[in-house]
Amino acid sequence: MNNFKVIVVEDVPLELKGTLGIISSDIPEATVIGTASDEMSFWKLFKQEKPDLVLLDLGLGGSTTIGVEICRQTKRQHPEVHVLIFTGEILNEKLWVDVLDADADGIILKTGEMLTRDDVMNVMNGKHPVFNQPILEKIVEHFKHSVGKLQMRQESLIHYEIDEYDERFLRHLALGYTKDQITNLRGMPFGVKSLEKRQNELVQKLFPQGNGSVNATRLVVRAIELQILDVDNLLPDEE
């Protein structure tokens with residue numbers, strides 16, 4: 001591959017030294033045209049000579065939002081410039097999502113294998129997004145958890161014979177809708193008395209052994225416990 005120009009954005013001198021050492025010894029195609037420790041110095045460098053790659057730390061001056069904003073503005077104004085995040089924010093998963101939303105080309109966590117030539121080459125060759133092993137392990141963990149929850153939900157819907165209207169009814173009860181309000185939802189072909197009958201039938205399904213008097217709140221909690229309702233996706237239908 002042809003040589004390419006890099007700006008390194010890092011505010012910790014020791015970590016900057018380590019990053020420059022990795023580039024010098026392992027990535028001969030890369031030429032560091034400057035380093036910056038804050039947003040102002042970065043844009044000053046950028047205007048002097050546009051890089052092909054920005055190697056960007058997120059925690060600058062104690063703020064993580066500055067790094068995200070540098071990424072967002074760089075990709076918005078210069079989409080041809082690659083931005084690879086190289087960060088010690090190893091626990092801040094929300095920050096990873098923010099920077100991916102800002103169109104970062106990848107995230108390398110400063111743990112485990114650190115930065116490698118393959119990571120950088122993948123970014124420069126257009127692979128998107130690029131992650132190193134520590135963040136891949138996190139992604140796989142969340143993926144397995146998400147698939148497991150989805151599988152449990154599908155099994156519960158089948159086991160308890162929950163149809164589309166049962167799910168919509170329970171979901172809107174969970175959101176605080178009254179039965180009157182639920183009857184007004186688009187495509188909901190039931191009146192209040194029909195919903196009351198459906199609620200009683202759901203109580204019998206979800207509490208087959210009987211459990212005393214079950215109100216709407218207790219029914220909804222049971223539906224969440226059984227994964228019939230996904231508590232992370234309780235969204236109302238369009239009215």
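The values are calculated or read from the model by the stated rules, or taken from the named source; none is laboratory data. Keep in mind that this is a model prediction, so the values were computed, not measured. Glycine gets a Cβ as well: all are built from the backbone with ideal geometry, and neighbour counts include every protein chain shown. Side chains included, ligands, DNA and RNA excluded: accessible areas come from the protein's heavy atoms. Shrake-Rupley method; radii C 1.70, N 1.55, O 1.52, S 1.80 Å.
Quick notes on this one:
- Accessible-area composition of the chain, carbon plus sulfur, in percent [1.4 Å probe]: 51
- Legend: calculated FRET efficiency, His159 to Ser213, from the Cβ-Cβ distance at R0 = 25 Å, rounded to 0.05, equals 0.55.
- Pairwise centroid distance, computed over Cα atoms, of the range 171-233 with the range 1-70, Å: 54
- Nearest-ten-degree value, helix 39-48 long axis tilted from longest Cα axis of the chain: 50
- Relative to the current alpha-carbon distance between Leu150 and Glu137, full extension at 0.36 nm per residue lengthens the span by 2.7 nm.
- Ellipsoid semi-axes in whole angstrom, largest first, where each is sqrt(5λ) of the Cα gyration tensor of the range 114-192: 45, 16, 10
- Taking all pairs of distinct alpha-carbon atoms in the range 46-123, Kirkwood radius in angstrom: 12.7
- Between Asn3 and Asn92, the C-beta separation translates, for a Förster distance of 30 Å, into a calculated FRET efficiency of about 0.35.
- Per residue convex hull volume, Cα atoms of the range 12-86, in Å³: 84
- Rule-of-thumb Rg ratio for the chain [Cα; 2.2 N^0.38 Å; N residues]: 1.47
- Paired Rg and Dmax values of the range 176-237, which use every Cα atom, in angstrom: 12.3, 34
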